[in-house]
Structures are given as structure tokens and as C-alpha cells.
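The values are calculated or read from the model by the stated rules, or taken from the named source; none is laboratory data. This is a predicted model, so every value here is computed, not measured. Cβ coordinates were reconstructed from backbone atoms using ideal geometry, including for glycine residues, and neighbour counts include every protein chain displayed.
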Amino acid sequence: MKKNRYLSIFLVSIVLLTVCRTASGQHKSEIPVLAGERWWGAYTALGAAMPFEAADRSYRLGADNLQNQSAPFLVSSLGRYIWSDAPFTFRFDGRKFLIDSPVGDVRAVKAGKTLREAVILGKNARFRSNGQTPPEGFFSRPQYNTWIELQYDQSQEAIERYADDILAHGFPAGILMVDDNWQRYYGNFDFKAERFPDPKAMVDRLHAKGFNVMLWISPFVSPDSPEFRELQSKGFLIKQKGTNKAAIIPWWNGYSACYDLTNPAAFAHLQRQLERMQREYGVDGFKFDAGDTYFYDPATQDYHDKNARAVDHLQRWGELGNRFPYNEYRAAWGLQGSPLVQRLADKNHSWEALQQLVPEMINAGILGYPYTCPDMVGGGQVADFSAEAQERLDQDLIVRSAQLHALMPMMQFSVAPWRVLDAEHLGYCREAAKLHEKMAPYLLETAAQAAKTGEPMVRSMEYMYPNKGFWDCRDQYMLGAKYLVAPVVTDEGKRTVRLPRGTWVDDQGKRFKGPLVMEISVPLGRIPYYELKR
């Protein structure tokens, strides 16, 4: 559907249904659900629960990002959207949204008649895409992250061996992400000399083999380090409430101080450190981790910006990434329409976790983050791939995960398939990586469309085929407007495929006329997908 058609129907009517203000200045709104209306949005991590069902809990958008992207943006199957310029708290009781906002009334806006119209018109009204995409390599080649294989034992020798093994086992070179503990300590941006005797030479050799190189970083600073003392003296760290002392914040790697990115001078200082890394070592970019809102609490911390909220610090972390084309994020607030690479939160090695990937990718796109990777092939939890867990490893699951990644905007390996798989399963993973390469021209075309129009790359069936009974379809999706992908996400080796109206040709060349519902058996070496011909 053309953009000008959307604009022609953008006669927005605002429906304010019930609003009252509490004595504390909070604004409470009730937005009833219309007959047959279903809603998506708010949190990427809630994708598997979409559309929203009644829940006996409140969601605090300003305080918890559920380890992934979040936004004050909800959209409905009947063309309405909910937006706020500030984070709010909400509950859904099955009949209405109960919204508590600190800054003003929250309204439901009538933008069109379908989920697709609500998404596109809501985005165009609130956050337009800037026309830029991440570098081509994110879409055209696999990514490789050293986390599962090396954990905190990063070294020049091990990283180069990992890269050599990728090529030796017939996988294409791609973007190589060096994960945590390459640096001397947090807040320092030099390689550990005892583990990296010549990091510049390492990066040069990786480049010569066809890899781009990214480094894991965080905004945290190890206490009692030279960098800590310098940054504290300059006022570049988040402070304890009411003091000039740096706040010491607990996170998964212990207790650390943290850059105050609401301070323009601190922001610029950190940017200069990263640019220096690029000049000295030739690295292409950075994996920006640990920006989650739950680390930041204006009630106990002071910021340079006296009005800063937790989400503001997370947004500044994202703005830093916009200075570096090669970037990756797992947590995000704001900046929809920017060329920021996102990843789903770490998943465990299970079929249940695999089933979460499609709906979460759909929800990320709805929120305005189209350039997203579905975590790591087989899962991103170290314990699942330890020597002790080897007997519980499901090789079929790793193959099905790789196949799903192959027909997503991006795919990322971490556990080395050649270490944990037999020859047959390894071959299927290699084929999945090559299928992703084969799909690269279409992925790049779809990414360019997302940058221009704001439409997601991964789209729900309800998004593309509204009011046709697809609202509860969570295990297949449209990749752009051309391909329907029906991955196997259970251990049964079969699935139901629901084809909408049209002529479809599958990955084996077979032709089908929709609408059609069919049960298919899927051998391990196949991922079913269907191209729309007309």
C-alpha cells in the first residue's frame, strides 16, 4: 500500500475516554478496548504474549525495559494507537488499559482501520525514519560473537583461532564481535597486554580474512582505577543523591561507577575514547551493552541533567551508538527510525525459547526497531553449552534455530557449531548460513524500505492480512511483503502452514493457491518458506 494513501486517510480523531488527575499530579487514564480489538507493543520481550491478554500486574515503562527494547507505543488491530512523550505505567485487565502517567493525559488515537495503518501512521506522527540503514554486512553475512566460546577468557590467540575455524568449516566471514573482558578493566579502553600482545595486528589479520571487528563495551567504570579518579574529578559520573561522590551501582559484573551520559562533556569524553580505539587498533565499531533502565534510579542518583529519567540515560547510550555505524544494542528507548542494530535478549537453549523468537521480532518491529537479530543461534546462555550440559544439548534445536535466523534480517552465531554438532547437523547449519547470504539482496531491499517508510522487516500475519483470522498466528511471519516464512519451532518435525489469499511457491518449487491451511512434514534439512507470486 502506498505511503500517500496512508497520508490521505490520516484524519486523526482523538478518543479520550476517561481521564482523572490524582492529588500527586499523576494522570490516570482508562482506555476501553473496542469489540474485536487486539493490541500489540510496549515491550519487545512481551512479544510471545501478544496480542495483550489480561494480566494481574503493572508494567512500568520508565523503570524496567525487560532487558530489551521498550517504548510508550501500543497499536491495535482496529487502527488505533496509544502514544506518550514520556514513560508511563499501565495495566491491562482484558477490557481496558489503565494508564498512569506523570506528565499528562494518555489518549487513544484513531489513525486508520488496521494494525498496519496504526503502526505506519503512528510512527509517521511520532518518530519518522531518517532514511539510513546499518552497514550492509549486518544483513548480508552472519555475525559471530565470542561470548559462548570464550566467555571472560578473551585473548588474541583464541579470537583468531575462532575466526580461522569459521572459515575452515565452510562458514562465510562476517562481523566478529569480541565480547567482555578484552579490556584491562571497565572504563578503560586498552587491550590487556598479557592476552593481546599485538591487537592492531590481530584486527588487521581479521580484516584481511573478510571479517569486520566489533568490541563489547559498557558505560560502567571500575572503582579505584585511574579512569575512575579522573572521571569523578571532572564530574563525569552519576552521583549518589545529594553528594558529589560517584554512585556505585550493582550490575551483573559486580559494583561499578557509571558514566553520566546526560552530561554533554562526559558523553563527548567517552566518544573520544572510542574514536581513539578505532584509530589505534582499526576496530570497526562496538557492542553497546548494559544500558538497561533498572541500573538508573533518579530517586537515589543525581545526574548532570537535573530532570533526567532512567530512560533518558538509556536513550543517550543509544545516541552514542549513532556515532558509530557498526553498533549493536540489546536495550533501547527512543531513537526509532535510527540505524541502530538491535538484538533480542539472551535466550536459553530450549524449544520454548525458540518459540519466543518470531513474536518478539514482530513486536520489536512494531515498536520501531526493524534492524534486529533474534539473539544467538541455539541460545545465548553460557551454562547451556558447558561440558556438563553437553549430554542435554539438542542438536536438532540448534539446526532449527539456525534455519530461523537464516530468514531473519540478521543471524548471529556464538556457540561454535563445529564443536557441539555432528557432521550431519553441522552441514545443515552451514546451509542455513549460506541461505542467509543468498537472501541478502532481498534483505537489503527490505531494510531500505524500512528506512524509508518505517515498516518492519519482520511482519505479523495480521499486519499484512488484516481481519482474516491471523491475529493469533505466532509461529509464522512475513519477511517484508514477499516471503511467508513458516519455521519449525517444535521437536515434532511438522507444522501447520496458513497461507493467505494468493498464489504461493514454496522453497521446493511447489505451487499453492490460498487461502489454504495445511499440515506439512518438514525434514531436518528444510525450512519452509513461500514466495508470493500474485
* Hey, does segment 265-277 have a residue that's touching a residue at least 60 places away in the same chain (Cβ under 8 Å) and either among the aliphatic types (A, V, I, L, M) or touching a helix residue (DSSP H, G or I) at 6+ places or on another chain (Cβ under 8 Å) (or both)? -> yes
* Run down ASP64, ASP100, ASP85 and say which single residue is of a type outside the set (Val, Ile, Thr) and more than 23 Å from the chain's Cα centre (by Cα). => ASP100
* Can you spot a residue in segment 338-349 that is part of a helix (DSSP H, G or I), among the basic types (Lys, Arg) and surrounded by 24 or more Cβ atoms within 10 Å (Cβ to Cβ)? -> no
* Asked: Does ASP164 satisfy the criteria of being of a type in the set (D, E, K, R) and either modelled with pLDDT under 95 or in contact with a helix residue (DSSP H, G or I) (Cβ under 8 Å, 6 or more places away or on another chain) (or both)?
  -> no
* Hey, any hits in segment 83-106 for a residue that's in contact with a strand residue (DSSP E or B) (Cβ under 6 Å, 6 or more places away or on another chain) and closer than 24 Å to MET457 by Cα? -> yes
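Does segment 105-160 hold any residues that are part of a loop (DSSP other than H, G, I, E, B) and among the β-branched types (Val, Ile, Thr), and which are they?
Correct list: VAL106, THR114, THR133, THR146.
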* Asked: Does GLY502 satisfy being under 27 Å from the mean Cα position of the chain (by Cα) and at positive phi?
  -> no
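Matching residues to (1) more than 27 Å from PRO135 (Cα to Cα); (2) of a type outside the set (A, V, I, L, M); (3) buried (at least 21 other Cβ atoms within 10 Å of the Cβ):
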residue: ALA402; (1), (2), (3): no, no, yes
residue: HIS405; (1), (2), (3): no, yes, yes
residue: MET408; (1), (2), (3): no, no, yes
residue: MET411; (1), (2), (3): no, no, yes
residue: PRO417; (1), (2), (3): no, yes, yes
residue: ALA423; (1), (2), (3): yes, no, no
residue: ARG430; (1), (2), (3): no, yes, no
residue: LEU435; (1), (2), (3): no, no, no
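Table: residues versus (1) over 24 Å from ASP85 (Cα atoms); (2) touching a Ser or Thr at 6+ places or on another chain (Cβ under 8 Å).
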position	(1), (2)
PRO325	yes, no
GLU328	yes, no
ALA331	no, yes
SER350	yes, no
ALA353	yes, no
ASN363	no, yes
TYR371	no, yes
MET376	yes, yes
ARG392	yes, no
* To do: Return yes when GLY282 is in contact with a helix residue (DSSP H, G or I) (Cβ under 6 Å, 6 or more places away or on another chain) and surrounded by fewer than 21 Cβ atoms within 10 Å (Cβ to Cβ) and no when it is not.
  => yes
* Asked: Just to be sure, is LEU397 more than 25 Å from the chain's Cα centre (by Cα), at pLDDT 95 or above and not charged (D, E, K, R)?
  -> no
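This table checks each residue for (1) touching an Asp or Glu at 6+ places or on another chain (Cβ under 9 Å); (2) of a type in the set (Lys, Arg); (3) farther than 20 Å from PRO51 by Cβ.
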{"site": "PHE88", "(1), (2), (3)": "yes, no, no"}
{"site": "ARG95", "(1), (2), (3)": "no, yes, no"}
{"site": "ASP105", "(1), (2), (3)": "no, no, yes"}
{"site": "ARG116", "(1), (2), (3)": "yes, yes, no"}
{"site": "VAL119", "(1), (2), (3)": "yes, no, no"}
{"site": "ARG126", "(1), (2), (3)": "yes, yes, yes"}
{"site": "ASN130", "(1), (2), (3)": "no, no, yes"}
{"site": "PRO135", "(1), (2), (3)": "yes, no, yes"}
{"site": "PHE139", "(1), (2), (3)": "no, no, yes"}
* Asked: Across segment 374-396, which residue is farthest from LEU484 (Cα to Cα) among those that are aliphatic (A, V, I, L, M) and surrounded by fewer than 23 Cβ atoms within 10 Å (Cβ to Cβ)?
  -> ALA387
